[in-house]
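To keep things clear, I will list the structure first and then write my remarks on it.
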Amino acid sequence: MRFDNTALLIVGHGSTVNPDSSAPTLAHAAEIRRRKVFVDVECAFWKEEPSLRDALFFFDPESVREVYVVPNFISEGYFTQTVIPRELELNGRITKRSSGQIWKYCESVGNHSMMTELLLKRAGKVAQDVNPAQTTLLIVAHGTDLNENSAVAAKREAEKIRALAKHAAVLNVYMEEPPLISDWKKLTKTQNVVVVPFFISDGLHSYEDIPVLLGITKERSTRLRSPGRPTARQATTSRAARGEVFRHNPYEIDGRALFYAPSIGTDSGFADIIIEQAAKFDSEGSGELIAKS
């Protein structure tokens, strides 16, 4: 699959306090760039550099006639429906710039059907030696009204995996609304429990908050929350320290085995999903062409 005379822009949220937030997006971009599917592949972020506004000047209209914009977000919501179109000056699914360059706004990665397969793959990888039929799979999202769509996406994926009847039980659980991840002992009955955070990147939620709620760590690591953006060395050290929480599987709690996986968005398969979202844009029809921006 090749997109001649086209470029890809992957849009992420980013963070001013979490150096790991943009890492998966940058990694997926590097992999797609390596495959030479597009003539150019770039990233832009809402809370980091390069900014979404910077992205307006990334692609030379003489050599790049079309730009596919793929949001690296778990679900549709305020950022994909309002922030990204506003900052990138998009007028709909297709925007024609004054230069003649056409920008195509694709669906978020979390909407792709391959997401179900990646969740199953991640669960299987973190608990390779256990029988899924004797295992409960918990898909964790943030929850609360502030993040309603992510909760809906987690519920959708749980329902799809449940229908496959491979696991003893599959539940969507949340950090801040019922069913709560902190109640996992009451919610599950199996000997084995696998927990997969339904987030784009590993950050304070997956490194610290969820482990505390699960009871696999006792308290949040304040030493990793120093003010200001860390140096490269500090970031590497913090990342290694935080990553330890994923390497102690299984956790033996009350005679049961709990397996904790990194966030789903760190899976290398997201590169395939990003490319697929661009391909799907053309195959499913592009809708109405909007006037010049």
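The values are calculated or read from the model by the stated rules, or taken from the named source; none is laboratory data. All of these numbers come straight from a predicted model, not from anything done at the bench. A quick note on method: Cβ atoms are made from the backbone with ideal geometry, for glycine too, and the neighbour counts reach across all protein chains shown. Accessible surface areas use protein heavy atoms only, side chains included; no ligands, DNA or RNA. Shrake-Rupley method; radii C 1.70, N 1.55, O 1.52, S 1.80 Å.
Does ILE253 fit the bill of being at pLDDT 90 or above and buried (at least 17 other Cβ atoms within 10 Å of the Cβ)? No: the conditions fail for ILE253. May I ask you to list the residues in the stretch 88-102 that are under 24 Å from the mean Cα position of the chain (by Cα) and under 18 Å from ALA44 (Cβ atoms)? Within the stretch 88-102, LEU88, GLU89, LEU90 meet the criteria.
Screening the stretch 77-88 for residues that are under 12 Å from LEU56 (Cα atoms) and out of contact with any helix residue (DSSP H, G or I) (no Cβ under 7 Å at 6 or more places or on another chain) and picking the one that is surrounded by the most Cβ atoms within 10 Å (Cβ to Cβ) gives ILE84.
Of all residues in the stretch 57-72, exactly one satisfies the criterion of being hydroxyl-bearing (Ser, Thr, Tyr) and surrounded by fewer than 17 Cβ atoms within 10 Å (Cβ to Cβ), namely SER63. Quick check, is PRO211 surrounded by fewer than 21 Cβ atoms within 10 Å (Cβ to Cβ) and not basic (Lys, Arg)? Here the answer is no, as PRO211 does not meet what is asked.
With the requirement that a residue be open to solvent by less than 80 Å² (accessible area, probe 1.4 Å), within 21 Å of ALA257 (Cβ to Cβ) and in contact with a helix residue (DSSP H, G or I) (Cβ under 7 Å, 6 or more places away or on another chain), what does the stretch 126-170 give you? Once the filter is applied, which keeps residues that are open to solvent by less than 80 Å² (accessible area, probe 1.4 Å), within 21 Å of ALA257 (Cβ to Cβ) and in contact with a helix residue (DSSP H, G or I) (Cβ under 7 Å, 6 or more places away or on another chain), the stretch 126-170 yields LEU137, LEU138, ILE139, VAL140, ILE161, HIS167, ALA168, VAL170. Taking every residue in the stretch 30-47 that is touching a residue at least 12 places away in the same chain (Cβ under 8 Å) and pairing it with any residue that is among the aromatic types (Phe, Trp, Tyr) and in a helix (DSSP H, G or I), at least 6 positions away or on another chain, the pairs with Cβ-Cβ distances below 8 Å are TRP46/PHE79. Condition first: closer than 30 Å to GLU66 by Cβ and either free of Cβ contacts under 8 Å to residues at least 24 places away in the same chain or under 21 Å from the mean Cα position of the chain (by Cα) (or both). Can you find one or more residues in the stretch 152-175 that meet it? Checked the stretch 152-175: at least one residue is closer than 30 Å to GLU66 by Cβ and either free of Cβ contacts under 8 Å to residues at least 24 places away in the same chain or under 21 Å from the mean Cα position of the chain (by Cα) (or both).
Counting only residues that are within 14 Å of the chain's Cα centre (by Cα), farther than 23 Å from LYS96 by Cβ, at pLDDT 95 or above and hydrophobic (A, V, I, L, M, F, W, C), the stretch 15-71 holds 4 of them.
State whether the residues of the stretch 56-65 include one that is assigned to a helix (DSSP H, G or I) and under 25 Å from ALA141 (Cα atoms). Looking through the stretch 56-65, none of the residues is assigned to a helix (DSSP H, G or I) and under 25 Å from ALA141 (Cα atoms).
Within the stretch 1-56, the only residue that satisfies the criterion of being among the polar types (S, T, N, Q), surrounded by fewer than 18 Cβ atoms within 10 Å (Cβ to Cβ), under 21 Å from VAL83 (Cα atoms) and in contact with a strand residue (DSSP E or B) (Cβ under 8 Å, 6 or more places away or on another chain) is SER51. In the stretch 176-208, what residues are at pLDDT 95 or above, farther than 17 Å from GLY143 by Cα and either open to solvent by less than 50 Å² (accessible area, probe 1.4 Å) or within 18 Å of the chain's Cα centre (by Cα) (or both)? Hits for the stretch 176-208 are THR188, THR190, ASN192, VAL193, VAL194. Of all residues in the stretch 73-110, those being part of a strand (DSSP E or B) and either aliphatic (A, V, I, L, M) or touching a Pro at 6+ places or on another chain (Cβ under 6 Å) (or both) number 2.
Within the stretch 94-125, the set of residues being touching a Gly at 6+ places or on another chain (Cβ under 8 Å) and surrounded by fewer than 19 Cβ atoms within 10 Å (Cβ to Cβ) comprises ILE94, MET114, GLU117, LYS121.
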